[in-house]
1. Please report the relative contact order for segment A:226-375, taking Cα pairs under 8 Å with a sequence separation of at least 6, and give it as a percent rounded to a whole number.
2. What does the accessible area per residue of segment A:620-721 come to in Å², with a 1.4 Å probe and no ligands, DNA or RNA counted?
3. Between rounded, prolate and oblate, where does chain A land on the alpha carbon gyration tensor, with a ≥ b ≥ c its root eigenvalues, rounded for a/c under 1.5, else prolate if a/b exceeds b/c?
4. Got a sec to turn the phi values of segment B:57-72 into Karplus ³J(HN,Hα) couplings, 6.51 cos²θ - 1.76 cosθ + 1.60 with θ = phi - 60°, whole Hz, x for Gly and Pro?
5. Which aspartates and glutamates, on any chain, are close to residue A:403 with Cα under 19 Å apart, when same-chain ones fewer than 8 places away are left out?
6. Would you mind checking the pairs A:192/A:448; B:29/B:57; A:16/A:571; A:94/A:260; A:318/A:434; A:260/A:434 and listing those with alpha carbons more than 27 angstrom apart?
7. Can you bin segment A:316-385 into rounded, prolate or oblate? Criterion: square roots of the alpha carbon gyration tensor eigenvalues sorted a ≥ b ≥ c, rounded for a/c under 1.5, prolate for a/b above b/c, oblate for the rest.
8. For residue B:101, what accessible area in Å² do you get when you roll a 1.4 Å probe over the heavy atoms of the protein chains, rounding to the nearest 10?
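The values are calculated or read from the model by the stated rules, or taken from the named source; none is laboratory data. Note that this is a predicted model, so its numbers are computed, not measured. So basically every Cβ, Gly included, is an ideal-geometry build from the backbone, and we count neighbours across all protein chains shown. The protein model used for the area step is the full one, side chains on, heavy atoms only, and it has no ligands, DNA or RNA in it. Shrake-Rupley method; radii C 1.70, N 1.55, O 1.52, S 1.80 Å.
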Amino acid sequence: MTATIEPEVGKARRRKEDERLITGRTRWTDNITLPGMLHMAVLRSPFAHAKIVSIDTSAAKSASGVVAVYTGKDLDPDGAIGMPCAWPITPDMKAPRRPVLASDTVNFAGEGVAVVVARTSAEAHDALEEIDVEYDELPVILDMEAAIADGASLVHEDLGTNTSAVWKFDSGEAGTGGNVEDAISSSEVVLKRRFRQQRLVPAFMEPRACVVDPTGTQITMWAATQVPHILRVMSALTLGIPEHKLRVIAPDVGGGFGGKIGVLPEEMMSLLVAQKLGKPVKWNESRSETMLAAHHGRDQIQDITISATRDGQVTGLKVELLANLGAYNGLVGPGVPILGAFMFNAIYKIPAYHFACTNVYTTTTLTDAYRGAGRPEATFAIERIMDELAVELGMDPLELREKNWIKHEEFPFTTVCGLTYDSGNYEAATEKAKQLFDYDGLRAEQEKRRASKDKVQLGIGISTFTEMCGLAPSRVLGSLDYGAGGWEYASIRMLPTGKVEVTTGASAHGQGHETAWSQIVADQLGVAFEDVEILHGDTQSSHKGMDTYGSRSLVVGGIAVIKAAEKVVAKAKPIAAHLLECAEDDLEFAGGKFTVKGTDTSTTLADVALAVFAAHNLPDGVEPSLDSDATFDPENFSFPHGTHLCAAEVDTETGRVKLRSYVCVDDVGVAVNPLIVEGQVHGGLAQGIAQALFEGTEHDESGTLTTGTFADYLLPSAADLPSFTTDRTETPATSNPLGAKGVGEAGTIASTPAVVNAVVDAVRQFGVNDIEMPLTPMRVWHAIQHGTTDAGGPGRGEAGGGLGSIDATGGAQ
Amino acid sequence: MRITVTVDGTKYTDEVEPRTLLVHHLREKLGKVGTVVGCDTSNCGACTVHLDGHSVKSCSVLAVQADGCEVTTIEGLARDGQLHPVQKAFNDNHALQCGFCTPGMIMQSIDLLADNPDPDEQAVREGLEGNLCRCTGYQNIVRAVRDAAQHMSPGAGPEAERITETKHVGVGGD
């Protein structure tokens with residue numbers, strides 16, 4: 001008999017993490033104080049591009065409380081240290097050395113030029129003002145197209161170009177599809193559009209920080225990072241610190257969204273300074289510094305050409321991107337647009353595809369991963385142009401999508417990019433979303449409002465999407481020149497009392513790993529949810545891992561936990577058989593018990609753990625251990641999908657956009673904890689909607705960031721957002737034994753085009769076919785007044801162009 | 001300057017620099033690191049505490065201004081091991097993810113409920129406008145605050161008692 005125990009996976013468990021977070025007993029990096037600890041502050045360049053003529057630190061050195069002041073030449077006299085980039089996307093990628101502190105030139109406003117170490121943080125910041133730096137200004141390069149034009153000023157003179165690399169994929173050449181030029185020249189309808197992905201700030205709530213303690217037998221570094229394991233190995237490689245002498249701890253981390261994926265110059269400075277002084281050193285940045293010097297996201301110009309038959313069959317897609325890297329390569333920055341390359345074809349059967357991306361250096365803060373990394377950009381472009389194509393063809397945009405998407409019965413399906421989508425059901429998600437949204441009712445209301453020339457017009461925006469989650473398959477990553485594998489690690493330690501310690505290499509920063517992993521382990525081992533402790537974010541306790549990004553934690557790290565649990569059970573089985581004096585084959589394991597088949601005779605895993613601890617009565621040759629570990633490296637990515645529908649009301653007199661309703665149905669495969677899934681979707685929606693309506697960095701012509709604080713950069717508050725209607729369909733992934741697909745990025749990826757499609761739909765009757773993001777009231781009003789704008793508008797320095805922003809309507813036209 | 005501040009029921013007398021902000025006094029001098037700093041422009045609200053029973057952003061109050069005052073932080077809310085109803089509602093409704101904004105969000109929510117014991121969704125959204133969250137999209141926070149309003153009971157903390165007096169409600173909860 002097997003006990004009937006309600007499975008934990010699928011339960012909306014309240015989170016284990018919350019108790020410390022709601023009572024203020026949290027361990028943020030900035031909460032860490034060590035005896036004799038000093039504070040480091042960084043002097044940052046006010047210029048976007050300048051030669052450093054001289055740095056005079058003498059006054060700062062004698063300032064109150066100051067222990068030391070260092071320039072780049074002090075910390076790295078030979079100029080040998082370069083910040084790492086783990087994703088050189090082409091063999092000939094031009095890569096400038098990014099120093100820890102700039103010594104010769106500064107290449108973006110905010111780049112560090114000196115550090116002060118003092119008794120208190122206030123004293124360190126006071127002393128920054130005493131450092132005298134003489135700069136000789138160089139030309140500022142902000143615009144990507146200007147940067148790659150002939151005769152452009154160069155960010156890095158020694159590279160001889162502002163083009164870092166050009167990366168291409170062509171389905172004709174790859175043999176995965178046809179030739180796109182043939183498709184375009186022979187199609188009845190051709191639509192060409194330029195979209196811009198404005199530059200965003202990840203804006204995690206906890207600013208970046210690190211504390212380095214060099215006083216023990218090894219160096220301990222606490223860091224507000226998403227990637228403690230990668231940070232350790234990269235620190236070792238960058239600074240030559242023996243890896244086994246460095247322990248990195250990511251304690252509670254206040255959000256990341258890709259923004260804490262970097263290996264930071266400030267972390268390297270802290271390591272160098274702490275070692276020089278032999279004392280613990282803390283660096284904690286202000287929000288203004290975060291805005292200026294933590295990496296930004298997005299920032300692409302997308303030229304998209306789509307071709308189709310008159311009855312709506314898409315025949316080809318051509319994508320030409322310019323991607324702004326900023327002044328240097330971030331840890332994975334060059335690869336971000338490449339991830340997008342595989343997602344422009346989205347959920348559609350596109351027979352011919354060409355993608356080319358030019359990565360460009362400019363004198364701006366570097367860009368790198370931001371929630372979704374490459375995939376939101378791609379989804380935006382395809383979902384926007386599908387809407388425009390529907391208008392061009394006089395079709396309902398949902399009908400156009402249905403006509404082109406991969407049908408449920410066609411899975412697994414290999415796309416024009418060569419990826420095989422394992423499972424999906426776009427019909428089910430769309431049908432559910434339509435019903436929740438009242439699609440037909442809202443369309444009818446829209447017609448009425450248009451006919452009555454209501455000052456508030458209604459728009460309906462559609463976004464269907466898929467993404468590649470679980471950034472893992474090491475062989476695939478290798479083929480894309482990514483500098484590491486994508487496997488994940490877990491270990492399980494059965495304690496003598498039957499409790500369980502689990503380590504995961506997937507380091508959490510708000511995702512609820514402790515809860516979800518406990519649910520998984522409870523099911524696997526038949527132990528209580530409360531009896532499982534999840535250890536993460538410490539290279540000493542969870543000593544291997546690839547950390548957390550790209551919605552990989554559950555679908556890779558969670559599976560490693562399952563694999564480790566299976567090994568524990570396998571190890572326990574011969575011991576249980578020995579204890580029960582039966583053959584192993586006679587035992588079955590369920591609900592935490594080994595039972596002799598067909599009898600009531602059983603022993604629990606906890607009994608076995610105690611027997612192992614005592615080790616008095618083990619089978620011959622069996623070691624006294626129930627510990628196990630495992631890595632999981634899946635064969636394929638996972639592909640969550642969903643349908644998002646947005647109804648937006650636009651006040652045509654003021655340009656103000658109000659989201660009337662937002663409905664999404666996501667398919668993330670099996671949901672381990674529906675509560676966490678829902679929360680992740682909500683947060684993702686907020687970020688994606690914010691890109692559509694609120695957020696965007698701006699620089700003035702001198703390269704100064706004019707959106708450098710939360711007073712200038714509009715992060716939405718509760719009052720700026722609506723309530724969302726979220727639901728799910730569940731089509732299990734076949735690429736992992738859990739059937740999970742990943743959820744962290746879904747909301748962000750799908751919502752931006754849904755909102756922009758809705759707003760453009762609301763004002764299309766004024767001749768508008770695009771509005772550049774963010775869709776501020778001024779830009780929307782401007783679009784209404786001027787009939788159209790597919791670029792420009794207030795905020796870009798010039799008014800958007802006149803009519804005719806459909807650049808090419810070829811074929812039968 | 002010498003100031004005396006009662007924080008979470010304990011009286012502290014310290015020398016502070018005139019420029020020291022209350023949040024830094026709490027964190028650095030008194031070790032009350034449950035209250036956090038998220039920005040330097042008073043926009044994010046992560047550092048919200050109660051000063052004499054009303055929410056303030058502790059980055060916009062000088063420590064010397066708190067002289068003689070009573071401060072309640074997130075660390076002083078739970079009493080006798082019992083969570084404040086707002087704390088519990090945040091857990092029940094999955095109103096947090098990374099949790100960095102949460103102390104400020106909870107402190108602001110309690111003040112909001114003191115002003116309006118049974119707010120509708122819009123009132124909660126407007127009442128939390130000064131507190132930014134990047135993880136949750138706010139929906140569950142709004143739900144938590146409205147849920148907490150139905151569960152206020154005396155004994156969970158000084159602020160809960162104040163709210164109860166306003167509401168003239170004996171025992172709430174389910």
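1. Details: 220 pairs, mean separation 37.9, N = 150.
Computed over segment A:226-375, the figure is 25 percent.
2. Working: 3030 Å² over 102 residues.
In whole numbers, segment A:620-721 has 30 Å² accessible per residue.
3. On the way: a/c = 1.88, a/b = 1.13, b/c = 1.67.
Cα axes put chain A in the oblate bin.
4. 7, 6, 8, 10, 10, 6, 4, 5, 5, 8, 4, x, 9, 10, 10, 10
5. Straight-line reach from residue A:403, under 19 Å: A:188, A:311, A:383, A:387, A:388, A:392, A:427, A:431, A:440.
6. Working: A:192/A:448 31 Å; B:29/B:57 18 Å; A:16/A:571 29 Å; A:94/A:260 24 Å; A:318/A:434 30 Å; A:260/A:434 37 Å.
Long pairs (Cα-Cα over 27 Å): A:192/A:448; A:16/A:571; A:318/A:434; A:260/A:434.
7. Numbers: a/c = 2.60, a/b = 1.99, b/c = 1.31.
Prolate.
8. For residue B:101, the solvent-accessible surface is approximately 10 Å².
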